[in-house]
Amino acid sequence: MNWPSNTPSALSSDQIVGLNREFAELDEKLGFEVSNNFTQFDQMNDMFTRAFWDETIRSNDTDGFFNSYRMEFAPRRGDGFTQKDFALRNAAWSISDIISNRGNDVGKREGFQSPIEYDTPVAPEKHDIENPAVETAEIKKIAKLFGADLVGICEIDPRWHYSNRVDTRDFTPAPNELPEGMTHVIVMGHAMDKDLVDTYPCALAGASTGLEYSHEAAICIQLSTYIRNLGYEAVASMNDTALVIPYAIKAGLGEYGRNQMVLTPEFGPRVRFSKIFTNIPLIANEPKPLGIRQYCEICTKCATACPPKALPFGEPTVEAENQSTIGNVKKWSANCEKCFGYWAKLKTDCAICMRVCPFNRGDSWKEQVWYRLATTPKWRKLAHWIDQKMGIPARLKPKEWWAIW
Ligand code: B12
Ligand code: SF4
Ligand code: SF4
């Protein structure tokens, strides 16, 4: 379906200043510091996209990385990288692949470089919503019914939308448009399988990522279809269209960590996010301080464990190390060229920085107690001391994962 052509999605500097003013109170509460000379991020510059047009990135054999997602090109080299391991990873991705491949002929890699197209139209008659609070509770219930592990809602904030999306026919910029009048974003969290994550880095572990992309594709398509059947716009979105991390934080799902991820109280960083842009009347969550981000100020476990040393050890800054980092917003930033270079060598994704994070917990009582200590100011240092004593958790060997029945 063709959406009405919006005004260009890239915001003017006046619009940025206006949004900084509009969201000043919430930004302050969340610790977001966005300068008035901030500009939106252009999706042409993320690492996955650069791997297709920037020879300095492509020369690291990033083609080999992408090709390994088809069995005829998957390399085999020992535990975690056998035919079985690549087969499981690639199978886990398969439902997500069906969605992302269907717009190839029009340059839309749905869910990644373009939002998921409407399979069903918006119902001509609008369901009457007398009480947005009740509607909000129902939407959250239905998101969970479809399989989301976490759900939060926030107001639309175009600062986090890409200034351009990417036409995947020739990897050139294309307008990043949404239907007019979107007001809210429903952000859903999808927990990744802990045992598989414990085997990172290897091809087997990549199944934990593929599985959640396949799950989230189904869940966000189902929830957006429900909303459209009620007579409202609802655009299902995975990695496309906008940066989901600031949205997940605004929706109250967690806090930003040194490892570049949202750390949630329920799963730590071991969770992926999808989103739905909509105009159905909803009430935004009111995020509360969780005390997780402050723990990262005294911990550097992820940065120490990262093989190519891509993660920062210092304070948050506004500097962008290269064109793949958004500037003029104060945060911990990674050298994602180093990170993706490591993936290209492995021929699979990495998430050691997720695996080793002490917030990536199971739900034993000991782990619950540790969480309480880590998020309480006067016990934070004790929690850090305990974590240091425990050291970096041992990786689960892929062979052992296959042997767990
Ligand atoms: C491209 C991308 C990557 C690139 C790196 C980013 C880049 N610069 O190109 C690569 C391939 C290296 C990568 C790696 C990983 N990624 Co990634 N990635 C993305 C993706 C698709 C786009 C992000 C983007 O455009 N970044 C470009 C610029 C903005 O990057 P940046 O300046 O470095 O900003 C980063 C953070 O600082 C933060 N951020 C951006 N703006 C702001 C503003 C504020 C105020 C704050 C607090 C934070 C913040 O988000 C950015 C994430 O890359 C997002 C999905 C999405 N649409 O958001 C997933 C996403 C961020 N990745 C995710 C994950 C889990 C990973 C990996 C663990 C791999 C894996 N196996 O899953 C690693 C972790 C590496 C690391 N420590 O950073 C998850 C994070 C989930 C979570 N719990 O928060 C996301 C949200 C995907 C998802 N479906 O859930 N990723
Ligand atoms: S490993 Fe430590 S510093 Fe890194 S994200 Fe987790 S808690 Fe924060
Ligand atoms: S994904 Fe791996 S290489 Fe990238 S930052 Fe995390 S630990 Fe480092």
*From the C-alpha gyration tensor of the range 130-199, square roots of 5λ in Å*: 28, 24, 10
*Candidate residues Arg21, Arg293, Arg50, Arg76: accessible-area rank, largest first, probe 1.4 Å*: Arg21, Arg76, Arg293, Arg50
*Taking only protein heavy atoms into account and a 1.4 Å probe, give the accessible area per residue of the range 123-271 in Å².*
32
_Cβ-placed point charges (K, R +1; D, E -1), dipole of the range 13-403 about Cα centre in debye, nearest 20_ = 1860
*Using a probe of 1.4 angstrom, how much of the accessible area of the chain is carbon and sulfur, in percent?*
55
*Net charge of Cβ neighbours under 11 Å - reference Tyr69; Lys, Arg +1; Asp, Glu -1*: 0
*222 nm [θ] for the chain, helices only, -39500 (n - 2.57) per DSSP H run of 4+, per residue, to 500?*
-11000 deg cm²/dmol
*First select every other residue whose beta carbon is under 11 angstrom from the beta carbon of Arg21; then total the charges, Lys and Arg +1, Asp and Glu -1.*
-4
*When only C-alpha pairs under 8 Å and at least 6 residues apart count, what is the relative contact order of the chain, in percent?*
21
*asked:* Of Trp401, Pro75, Asn229, which is farthest towards the positive pole of the chain's charge dipole, taken about the Cα centre with +1 and -1 on the beta-carbons of Lys, Arg and Asp, Glu respectively?
replied: Trp401
*Got a sec? What order do Trp405, Trp93, Trp379, Trp332 fall in by accessible area at 1.4 Å, biggest, i.e. largest, first?*
Trp405, Trp379, Trp93, Trp332
_Residue (of Gln43, Cys302, Trp385) at the positive-pole extreme of the chain, dipole from beta-carbon charges_ = Trp385
*With charges set only on the Cβ (+1 for Lys and Arg, -1 for Asp and Glu), what does the dipole of the range 100-225 come to about its Cα centre, in debye to the nearest 20?*
240
*Mind checking which aspartates and glutamates have their C-alpha under 18 Å from Lys301, skipping anything on the same chain fewer than 8 residues away?*
Asp198, Glu255, Glu315, Glu367, Asp387
*Specify, per residue and in Å³, the volume enclosed by the convex hull of the alpha carbon atoms belonging to the chain.*
146
*Which of the lysines could be linked to Lys29 by a straight reach, that is with a Cα gap under 23 Å, when you skip same-chain ones fewer than 8 residues away?*
Lys250, Lys275, Lys288, Lys330, Lys331, Lys378
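The values are calculated or read from the model by the stated rules, or taken from the named source; none is laboratory data. Note that the structure is predicted; figures quoted are calculated from it, not measured. Here Cβ is always computed from backbone atoms with ideal geometry, including for glycine, and neighbour counts include all displayed protein chains. The accessibility values were calculated without ligands, DNA or RNA, using every heavy atom of the protein model including side chains. Shrake-Rupley method; radii C 1.70, N 1.55, O 1.52, S 1.80 Å.
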